[in-house]
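Working notes for the structure below.
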Amino acid sequence: MSTASGLNIASPSIGTAKFAKDAGETVLFKGDLSYSFDGPRIRDFWTRKWDDTNCTAFVTNRRFVATRVRQYYLFGPLVWLIMALIPRKIIFSIPLNELAAIKFDPAQQTKFMLQTTSGMEYTLVSSSLFNYQAEWIAAIATATTQSSPPATAKKSKTAITFSRS
C-alpha cells in the first residue's frame with residue numbers, strides 16, 4: 001500500500017466515484033468484506049476497534065469493486081427505497097487485467113490480500129459469521145482468468161499469481 005504524507009492512497013478509481021455497471025459488465029459475486037488499511041491507523045477510543053472499513057464488494061467480469069456498506073437504520077421502508085436508488089460510493093476498484101496476485105495465509109482463514117501489477121496491496125477480511133474466504137478467492141481467480149486479456153493462474157500454498165501473455 002503506498003502512502004504519501006501519512007495518507008492512504010488506494011487506486012485511480014477512489015472516493016467520490018459512484019458504482020455503476022458498465023455496458024456488458026455482469027456481477028459474478030457479491031458480499032461483505034472489511035478493508036484493512038496499511039500504514040498509520042487510528043483506534044477508536046470507545047470501542048477499541050481499528051479503523052477498518054466495512055464494505056460491500058463486487059466481482060464483475062471486468063473488475064473488483066469495494067463500495068461503502070449501506071446503513072439503513074430504523075427510518076422505515078420509504079427511506080430504504082430512496083437509499084436503494086442512490087448509487088454506492090466506491091472505496092477502491094481494481095480492473096482484473098491489473099490484478100497480479102491474491103495472497104493468503106492458510107493460518108488466517110479470514111484474511112486475504114489483492115496485489116496489483118503496480119504493487120498496490122489491498123488487505124481484505126471476511127466480516128461475516130461464516131467465512132467465505134475460499135469462495136472470494138475462487139470467484140476472483142475465475143473472473144481474472146476469464147477476463148480480457150486472459151490470464152493464467154499459478155497456485156501455491158500462500159498465493160495465486162496471474163501472468164498474461
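Laboratory data are not the source of any read-out in this text; all were calculated from the coordinates shown. Since the model is a prediction, treat every value here as computed from it, not as a measurement. As a convention, Cβ positions derive from the backbone with ideal geometry for all residues, glycine included, and neighbour counts pool all protein chains shown.
Quick one: how many residues across segment 83-100 are among the small types (Gly, Ala, Ser) and either out of contact with any Phe, Trp or Tyr (no Cβ under 8 Å at 6 or more places or on another chain) or surrounded by fewer than 19 Cβ atoms within 10 Å (Cβ to Cβ) (or both)?
1
Here is a yes/no grid of residues against (1) within 16 Å of GLY31 (Cβ to Cβ); (2) in a strand (DSSP E or B); (3) not aliphatic (A, V, I, L, M):
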| site | (1), (2), (3) |
| --- | --- |
| ALA107 | no, no, no |
| GLY119 | no, no, yes |
| ILE140 | yes, no, no |
| PHE162 | no, yes, yes |
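Mind telling me which of the residues ALA107, ALA141, ALA151, ALA159 ends up being hydrophobic (A, V, I, L, M, F, W, C), crowded, with 16+ Cβ neighbours inside 10 Å and more than 18 Å from ARG62 (Cα to Cα)?
ALA159
Six or more apart or on different chains, Cβ atoms under 6 Å: show the pairs whose first residue is in segment 144-155 and without any contact (Cβ under 8 Å) to a residue 60 or more places away in the chain and whose second is surrounded by 11 or more Cβ atoms within 10 Å (Cβ to Cβ) and among the charged types (D, E, K, R).
Sorted first by the residue in segment 144-155, then by its partner, the pairs are PRO149/ARG164; ALA151/ARG164.
Check ALA66 against each of (1) exposed (fewer than 10 other Cβ atoms within 10 Å of the Cβ); (2) touching a residue at least 12 places away in the same chain (Cβ under 8 Å) and name the one condition it does not meet.
Of the numbered conditions (1) exposed (fewer than 10 other Cβ atoms within 10 Å of the Cβ); (2) touching a residue at least 12 places away in the same chain (Cβ under 8 Å), the odd one out for ALA66 is (1).
In segment 73-98, how many residues are in contact with a strand residue (DSSP E or B) (Cβ under 6 Å, 6 or more places away or on another chain) and either outside any helix (DSSP H, G or I) or more than 23 Å from SER156 (Cα to Cα) (or both)?
Looking only at that region, the number is 9.
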